[in-house]
1. Out of residues 5 or more away from Gly289 or on other chains, whose amide H comes under 5 Å of its own, with H placed 1.01 Å from N in the peptide plane?
2. Grab the DSSP H runs of the chain that are 4 residues or longer, score each as -39,500 (n - 2.57), total them, divide by all residues and round the 222 nm result to the nearest 500 deg cm²/dmol.
3. Quick one: what are the phi-derived ³J(HN,Hα) couplings along the range 316-328, Karplus 6.51/-1.76/1.60 with θ = phi - 60°, whole Hz, x for glycine and proline?
4. Take Val194, Val286 and sort them by solvent-accessible surface of the protein heavy atoms, 1.4 Å probe, largest at the top.
5. Using +1 at the Cβ of each Lys and Arg and -1 at the Cβ of each Asp and Glu in the range 127-206, identify which of Ile148, Ala168, Phe192 lies farthest towards the dipole's positive end.
6. Per residue, how many Å² of accessible area does the chain show with a 1.4 Å probe?
7. Compute a Gaussian network model of the chain, connecting alpha carbons closer than 10 Å, and tell me which residue from Ile344, Ile110, Ile313 fluctuates the most.
8. Compute the helix-to-body angle for 268-278: its Cα long axis versus the longest principal axis of the chain, expressed 0 to 90° and rounded to tens.
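The values are calculated or read from the model by the stated rules, or taken from the named source; none is laboratory data. In this text, all values refer to a predicted model and were calculated from it rather than measured experimentally. Note: ideal-geometry Cβ built from the backbone for every residue, glycine included; neighbour counts use all protein chains shown. What goes into the accessible areas is simple: the full protein's heavy atoms, side chains included, and nothing from ligands, DNA or RNA. Shrake-Rupley method; radii C 1.70, N 1.55, O 1.52, S 1.80 Å.
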Amino acid sequence: MKSVLTAAGSLRRLRPGRALRSGLPALLPLLLVVAAACGDDHLTRFPQSTFAPATEMAEEQMFLFHLTMWMGIAVGLLTFGLMAWILWKFRYRPGGPEAQQFHGNTTLEIAWTLLPALIVAVIAVFTVRAIFITQPEPPANALNVRVIGKQWWWEFQYPVGKDTIVTANEIHVPVGQPVQLLLESDNVLHSFWVPQMAGKRDLITNRVNRLIFTPREPGVYMGQCAEFCGDSHALMKMRLIAHTPEGFRQWLENEARPAVEPTDSASAVAVGKKLVTQGVCAGCHVIKGTPMVGRTGPVLTHFGRRRTLAAGILENNAENLRQWVRNAPSVKPGSKMPQLGGDIPNGLTEEQITYIVAYLQSLQ
Ligand code: CUA
């Protein structure tokens, strides 16, 4: 009895005002994060945000999220509010009357069975609608792109007539036309995720998953592998670049061409070409228009046009490219591209790396 009284006494001492004063400083950082996420520049600060849907599919998924979140908040507030009120109203008072003894309340029990069933039914209706919107039949005018998950980068294949245009890590699409991605993997599981376009969808070895969405606004949309796939899973980024239809046509036309030839056979670019196409790079990469046939690494035919390298983690500039060619695993742990220069025996010299970088950058 004594311990119960002590507990009641200490509860009384804990006034709501005091609890708030001690709790607020702890909550402040959280509130700041929430406030920052709501600002106008939130896409600049969080370019991979799920809260800026840019397709019908992403909007539908966002709607479902908001619906379930607000229903959950309402149910939570109602439940905990009622509980707090009951705890307060029927709290222990010394000398108070004995609690009323009764068994069950049929009305209440029917109500708290029906209400959740109704809530779940509402969610089910909108979920079924979302399933139809996120798994549509491929439209006849869809642009098909094969997406192959690699360790740890993305290959994109565009069938154009009898030809297949192959590129990596930056997927280009037109606006206003449905895009059908045919997702597969040649190794482990990956997950394609460009949040502003659509939710995650897995790339699996023994089946082709589809993802269909229609980009609306030209722009660059950030993405990332969303299924743990090994050492450099967190470094498996990508960019989706949405063009105007004309811009996309130009991009595709350029991609279909073989690699540009060095204009001056004595230039650094020409020396670099020889090193790349006849040297160690040839075993793993393809550059259309040269004898290179390796299929382990990304196709490099128009590598100089890509904004990034190493699956979107580095800006494509001379300095980063040097570092990558010299020692790829130092940038990306587990990379299949080995260390080629630096402190290894018979590696590439710094001068050779300069030529290789010059050639790769010329591949526009
Ligand atoms: Cu690929 Cu994670």
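1. Ala259
2. Using -39500 (n - 2.57) per qualifying helix, the result is -13500 deg cm²/dmol.
3. Rounded to whole hertz, the list is 7, 10, 4, 5, 5, 5, 4, 4, 5, 5, 5, 8, 4.
4. I get Val286, Val194, largest accessible area first.
5. My answer, from the dipole projection, is Phe192.
6. 59 Å²
7. Among Ile344, Ile110, Ile313, the largest mean-square fluctuation in the Gaussian network model of the chain belongs to Ile110.
8. Between the helix axis and the principal axis of the chain, the angle is about 80 degrees.
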